[in-house]
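J.: One structure follows; several queries about it will come next.
The values are calculated or read from the model by the stated rules, or taken from the named source; none is laboratory data. Owing to the predicted nature of the structure, the values given are computational and were not obtained by experimental measurement. Every residue, glycine as well, gets a Cβ built from its backbone with ideal geometry; the counts of neighbours run over all protein chains shown. Surface areas here come from the heavy atoms of the whole protein model, side chains and all, with no ligands, DNA or RNA. Shrake-Rupley method; radii C 1.70, N 1.55, O 1.52, S 1.80 Å.
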Protein chains: 2
Amino acid sequence: MTADPDTGPLAFRSHDHSHCADGVLAEADALSERQGVKLTPVRRRALEILLRSHRAMGAYEVLERLAEDGFGKQPPVAYRALDFLVDHGLAHRIRRLNAFAACMCPGTAHRPAFFICHACNAVAEAPADAVGRAMDSAAEAIGFSVERMNVEAVGLCPACREVPHAAD
Amino acid sequence: MTADPDTGPLAFRSHDHSHCADGVLAEADALSERQGVKLTPVRRRALEILLRSHRAMGAYEVLERLAEDGFGKQPPVAYRALDFLVDHGLAHRIRRLNAFAACMCPGTAHRPAFFICHACNAVAEAPADAVGRAMDSAAEAIGFSVERMNVEAVGLCPACREVPHAAD
DNA sequence: GTTGACACGTTACGATATAACATACTAACA
DNA sequence: TGTTAGTATGTTATATCGTAACGTGTCAAC
């Protein structure tokens, strides 16, 4: 039941953020190139902000950082950059939090599920292909064709389960 | 939007709404009784509004109807009633739409998935226990304990698949 | 060198949600 | 019966999230 902190999803284990951010950023560059879309300065910077913060961030929070870097100061600036990232699989939108998080494995076909700890606010993206397949068959049963899906769970992460009083 | 908001489909098949609304309302009464919680007039009315509209409704839309019936006119009135319904399994919150929908089978343990048609805005609640189980094992693999989850898919409902030009 | 597509910026506003506080009802009980 | 504690409802005010609409700059295609 209790996971090894070194084998859980990225968000729930310790590691070198700046290292993984660089890697993903490089993948994002290559991926955009291949797809023939432009990872412009604002977009790239927005992705970098998400990657380095290494958590889910609200659009206005991202906007603030972008503004500090000399980009526009108005909401559409952030929303457009973030929407681009989501549309191209470089970030995910977490509806439950009204927030965005960098995708940790862009380019690989995956239908992620998010696990949100309500005690420490950590968010983990986990592969959930089995969940995706279950959804597909549920959809098929009612004749629905799925284009996108979000799967989000709220609960306690491994660390917070061990410190019950810290939970809210 | 659906042509007639009061008869637009929640599930993707036609049936007698008023009949099913009455039934669910009765179940909700019994369920609240058993749980020792109070389905007060605002709460019951909010549920009734959701049931009769038979679709996902925004909090402000529900608020408007409640106000027409002599209840409070301010947002917290609606949010509190809706939160109560959600907490007690009488309604579901659909994050993707910032909306709420009555649960069509309250009391039965279920973890529903929602299928949202982006052409006609219909929303169907489907049993998705297989999805729930898949989530449980994904969670277990990372040591996460799930308390609540949302599973929402966007795509095309059976009717809209047949009318491609109607899709947005 | 004009056109068209796109990106980026702005202003202005709309939509969603909650904090904080006042008042009333109800149930338990001295 | 009066008091008290808990819960429910209502208010005002404000926070937070998101988008419409429009102007300007850039750049590649023709």
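J.: What dipole magnitude, in Debye to the nearest 20, does segment A:47-104 give about its Cα centre under +1 on Lys/Arg Cβ and -1 on Asp/Glu Cβ?
T.: The dipole of segment A:47-104 has a size of about 240 debye.
J.: Sticking with this one: Given H placed 1.01 Å from N in the peptide plane, which residues other than close sequence neighbours of residue B:91 have an amide H under 5 Å from its amide H?
T.: B:86, B:103
J.: So, R0 is 41 Å and r is the distance between the beta-carbons of residue B:30 and residue A:129; what FRET efficiency does that work out to, to 0.05? Please list the in-between numbers first.
T.: Details: r = 40 Å, r/R0 = 0.97.
For R0 = 41 Å, the calculated efficiency reads 0.55.
J.: Which percentage, to the nearest 5, of the DSSP beta bridges contained in segment A:112-166 is antiparallel?
T.: Working: 5 of 9 bridges.
Roughly 55 percent of the DSSP beta bridges within segment A:112-166 come out antiparallel.
J.: Could you give me the ³J(HN,Hα) list for segment A:48-57, computed from phi with Karplus coefficients 6.51, -1.76, 1.60 and θ = phi - 60°, whole Hz, x at Gly and Pro?
T.: With coefficients 6.51, -1.76 and 1.60, one gets 4, 4, 4, 5, 6, 6, 6, 7, 7, 10 Hz.
J.: Right, something else. Quantify, in whole percent, the carbon and sulfur part of the accessible surface of segment A:10-102 (1.4 Å probe; protein heavy atoms only). Before the final figure, lay out each step's value.
T.: Numbers: 2300 of 4770 Å².
Roughly 48 percent, rounded to a whole number.
J.: DSSP loop (so not H, G, I, E, B), at most 12 other Cβ within 10 Å: list which trypsin sites (Lys or Arg not before Pro) in segment B:68-154 pass both filters. Don't skip to the answer; put the middle values down first.
T.: Details: sites: B:73, B:80, B:93, B:95, B:96, B:133, B:148; in loops: B:73.
Here the trypsin sites (Lys or Arg not before Pro) that fit, given the DSSP loop and packing criteria, are B:73.
J.: A follow-up question, please. To the nearest Å, what is the center-to-center distance of segment A:131-151 and segment B:120-151, using C-alpha atoms only?
T.: Between the Cα centre of segment A:131-151 and that of segment B:120-151, the gap is 12 Å.
J.: I've got another one for you. Starting from the amide H of residue A:113, placed 1.01 Å from N in the peptide plane, find each other amide H under 5 Å away whose residue is 5 or more places distant or on another chain.
T.: A:126, A:128
J.: Lysines within cross-link reach of residue A:73: Cα-Cα under 28 Å, excluding same-chain residues under 8 positions apart?
T.: Within the straight-line cut-off, residue A:73 pairs with A:38.
J.: Here's a follow-up. For peptide A:135-143, compute the average count of partner chain beta-carbon atoms within 10 Å of each residue's beta-carbon. Mind dumping the intermediate values first?
T.: Numbers: counts 10, 2, 3, 11, 7, 0, 2, 8, 10.
Counting other chains' Cβ atoms within 10 Å and averaging over A:135-143 gives 6.
J.: With n ≥ 4 as the cut-off for DSSP H runs, can you work out [θ] at 222 nm for chain B, using -39500 (n - 2.57) per run divided by the number of residues, rounded to the nearest 500?
T.: Values: 6 runs with 73 residues, N = 168.
After summing the helix terms and dividing by residue count, I get -13500 deg cm²/dmol.
J.: I've got another one for you. Ordered shortest first, which distances in nm separate the 7 Å Cα→C-beta label point of residue B:41 from those of the other copies?
T.: Residue B:41 label point versus its equivalents elsewhere: 6.2 nm.
J.: Out of all DSSP beta bridges in chain B, what portion is antiparallel? Express it as a percent rounded to 5. Intermediate results must be reported in sequence, preceding the final value.
T.: Values: 10 of 14 bridges.
In chain B, approximately 70 percent of DSSP beta bridges are antiparallel ones.
J.: Okay, next question. Measuring label to label, 7 Å along Cα→Cβ, what does residue A:80 give against each other copy in nm, shortest first?
T.: 4.3
J.: Taking the Cα centre of chain B as origin, sum charge times position over the Cβ atoms of Lys and Arg (+1) and Asp and Glu (-1), and report the length of that vector in debye to the nearest 20. Working shown, then result.
T.: Values: 18 positive and 22 negative charges, 58 e Å.
Rounded to the nearest 20 debye, it is 280 debye.
J.: Would you mind computing, in nm to one decimal, how far apart the modelled labels at residue B:147 and residue A:17 are, each placed 7 Å from Cα along Cα→Cβ?
T.: So the label points at residue B:147 and residue A:17 sit 2.5 nm apart.
J.: Right, another one. Spelling out what I want: for every residue of segment B:113-120, take phi, set θ = phi - 60°, compute 6.51 cos²θ - 1.76 cosθ + 1.60 (Karplus), and round to whole Hz; glycine and proline get x.
T.: Residue by residue, segment B:113-120 yields 10, 10, 10, 10, 8, 7, 8, 10 Hz.
J.: May I ask you to report, in nm to one decimal and beginning with the shortest, the distances from residue A:55 to the same position in the other copies, taking label points 7 Å along Cα-to-Cβ?
T.: Reported distances to equivalent positions: 3.9 nm.
J.: Given N residues in segment B:100-168, what is its alpha carbon radius of gyration divided by 2.2 N^0.38 Å? Present the calculation step by step, with values, prior to reporting the outcome.
T.: Numbers: Rg = 14.9 Å, N = 69, 2.2 N^0.38 = 11.0 Å.
It is 1.35.
J.: Enter the buried accessible area of the A/B pair, total of both sides, probe 1.4 Å, in Å² rounded to the nearest 100.
T.: Values: alone 9920 and 9730 Å², together 16500 Å².
The A and B chains share an interface burying roughly 3100 Å².
J.: Also: Amide H neighbours of residue B:37 under 5 Å, counting only residues 5+ apart in sequence or on other chains, H built in-plane at 1.01 Å?
T.: Amide H to amide H, under 5 Å and 5 or more residues apart or across chains, residue B:37 pairs with nothing.
J.: Now a separate question. Averaged per residue, what accessible surface does chain A expose to a 1.4 Å probe, in Å²?
T.: Values: 8360 Å² over 168 residues.
Here the per-residue accessible area is 50 Å².
J.: While we're on this one: Find how many whole Å separate the alpha carbon centroid of segment A:33-80 from the alpha carbon centroid of segment B:45-91.
T.: 36
J.: Lone cysteines in the protein assembly as shown, going by a 4.7 Å Cβ-Cβ cut-off?
T.: Lone cysteines by the Cβ rule: A:20, A:103, A:105, A:120, A:160, B:20, B:103, B:105, B:120, B:160.
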